[in-house]
Amino acid sequence: MIDFHCHLDLYPDPQKVVNECIAKGIYVLSVTTVPSAWEGTNALTKENPRIKTALGLHPQLARERGFELTLFQTLLPKTKYVGEIGLDGSPNCKAFWQEQVNVFTAILELCEIAGGRIMTIHSRNAPSEVLDLLENKVVKSTPILHWFSGSFKELSRAIELGCWFSVGPAMVKGTKGQNLISKMPRDRILTESDGPFVQVENRAALPTDIGLVQKSLAKIWAETEVSTSAIIHENLRNLLT
Ligand code: MN
């Protein structure tokens, strides 16, 4: 199983979740929301080659923590994964839209200078604005749109720009998400939990819930669960080579 967008550091007992992932051999991209969380989160899983820690600065924290961009720059050489980054156009985040754009732009530029990174990107209520910046700023990095919820037109544009997608429990549940997934290239899809922010069965989603996501994905693709899992693993291999 592959969980390519999970906030391990934000569970009440991160070590317990890490131990479960190790026991079950789950591949995890552990994302962070601020650069100052990276060292500690990375230390949780350093010994396990299947769990990687991404360096992030979440758009919802762009105003409060924009000053951590300096630390972001310092830590960037230590990892090839960046996230969670992006833009959020929700009403409560519009108040600091310009700070969000400044932070996201700076990060995309730093990643290019560093030779490119694998990036997991938030685009809620701002898919076009995210795509505009990716189009203008990204050549060497690989953008993965996590929980993409734009229109079909925006999806087509994202595909043309070479974006990948990570899909999770909330997306596979609704009709809109399922329709979007059915139009995404199968060779550019990964699975994610986005735990603990997403709820599954009235509790925080866990990397172990990826089985449920694979099950739904298999239905959408009219594939068996085994071949669905094989496709996702093949995708991860291709992403990393
Ligand atoms: Mn997230």
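Observations on the structure shown:
- For the chain, the convex hull spanned by the alpha carbon atoms encloses 119 Å³ per residue.
- Antiparallel bridge percentage (DSSP; both residues within segment 142-215; nearest 5): 25 percent
- Test item: Cα-centred dipole of segment 1-151, Lys/Arg +1 and Asp/Glu -1 on Cβ, debye: 320 debye
- Per-pair calculated FRET efficiency, R0 = 22 Å: residue 160 and residue 222 via Cβ, rounded to 0.05: 0.30
- Net lengthening on full extension, residue 241/residue 67 (0.36 nm per residue, minus Cα-Cα): 59.3 nm
- Spatial separation of Cα centroids for segment 128-146 and segment 197-234, in angstrom: 26 Å
- The GluC sites (Glu not before Pro) of segment 1-73 that meet both conditions, a loop assignment by DSSP and at most 16 other Cβ atoms within 10 Å of the site Cβ, are 47.
- Extension reserve of the residue 182-residue 78 stretch, reckoned as 0.36 nm per residue once the Cα distance is removed: 33.9 nm
- Residue (of 95, 130, 159) at the positive-pole extreme of segment 1-159, dipole from beta-carbon charges: 159
- Protection proxy ranking of 114-126, 170-182, 147-159 - average other beta-carbon atoms within 10 Å, highest first: 114-126, 147-159, 170-182
- Flagged links, alpha-carbon separation over 20 Å, of 16/46; 16/215; 24/183: 16/215; 24/183
- DSSP bridge pairs, segment 82-241: antiparallel proportion in percent, nearest 5: 15 percent
- Those trypsin sites (Lys or Arg not before Pro) in segment 34-110 that DSSP places in a loop and that have at most 10 other beta carbons within 10 Å: 46
We did not get these values from a lab; they are worked out from the coordinates using the rules stated. What you see is a predicted model; the values in this text were computed from it and never measured. As a convention, Cβ positions derive from the backbone with ideal geometry for all residues, glycine included, and neighbour counts pool all protein chains shown.
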